[in-house]
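Please read the structure below before turning to the comments.
The values are calculated or read from the model by the stated rules, or taken from the named source; none is laboratory data. The structure displayed is predicted, hence computed values, not measured ones. In this analysis, Cβ positions are derived from the backbone assuming ideal geometry, glycine residues included, and neighbour counts consider all displayed protein chains.
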Amino acid sequence: MLVALGLLRRIARELPRYGKLTYCLFRDPRVPQRNKVALAAALIAIFNPVIDLPLWVPVVGEMDALALTVLAVKLFVDRAPKEVVAELQAQIEQGRSAFDRDLEVGRGSLRGRVLQWWQSRPWVRL
C-alpha cells in the first residue's frame, strides 16, 4: 500500500513537468514525425469511446486509460532525441519553453477578449 502511494505521489509531482515536456517535444521539428503520429494514435485509441479493448487482450486490456496514457507519453519521451529532451528540459526549468510562451500568448489573448467584451457593454461607460 505504501509503495503504491509513493508511486502515485511521484507521478503527481512529475506530471506537470512531463506534460510540458511532451507538449514541447510534440511541437519541436527535430522530433521524428513517426513518433508524433504514434503518440497521437495511442491517445486517440485510449480515449476513443468506440475503441474499447477487451480484458482478454494481454496486459493492455487490463490497464485503465490513465496508465496507458502515462505509458504512451513515457515511450514518446524516451524515443525522442536525447539532446532535444535535455535542451527542452532546461528551457522548461528556466520558464522559457514553447509551452510557457504559448500559455502567455493564450492568457494575453483571453485578457484582450475579456477587456473587449467588457468595454462593449453599454452600462460600463465610465
>> For the structure I just gave you, tell me whether LEU71 is within 25 Å of ALA38 (Cα to Cα), touching a residue at least 12 places away in the same chain (Cβ under 8 Å) and surrounded by 15 or more Cβ atoms within 10 Å (Cβ to Cβ).
In response: no
>> I'd like the residue in the range 64-113 that is outside any helix (DSSP H, G or I) and more than 17 Å from the chain's Cα centre (by Cα) and, out of all such residues, is modelled with the lowest pLDDT.
In response: ASP64
> What number of residues in the range 26-50 are over 14 Å from the mean Cα position of the chain (by Cα), part of a loop (DSSP other than H, G, I, E, B) and surrounded by 11 or more Cβ atoms within 10 Å (Cβ to Cβ)?
Replying inline: 3
>> I'm trying to understand the selection: among the residues of the range 11-51, which are of a type in the set (S, T, N, Q) and out of contact with any Phe, Trp or Tyr (no Cβ under 9 Å at 6 or more places or on another chain)?
In response: GLN33, ASN48
> Does LEU21 satisfy the criteria of being modelled with pLDDT under 85 and either not in a loop (DSSP other than H, G, I, E, B) or not basic (Lys, Arg) (or both)?
Replying inline: no
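The rows are residues; the columns are (1) more than 18 Å from LYS36 (Cα to Cα); (2) in contact with an Asp or Glu (Cβ under 8 Å, 6 or more places away or on another chain); (3) surrounded by 10 or more Cβ atoms within 10 Å (Cβ to Cβ).
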position	(1), (2), (3)
LEU75	no, no, yes
ARG79	no, no, yes
VAL84	no, yes, yes
GLU93	yes, no, yes
ARG96	yes, no, yes
GLU104	yes, no, yes
ARG111	yes, no, yes
TRP117	yes, no, yes
SER120	yes, no, no
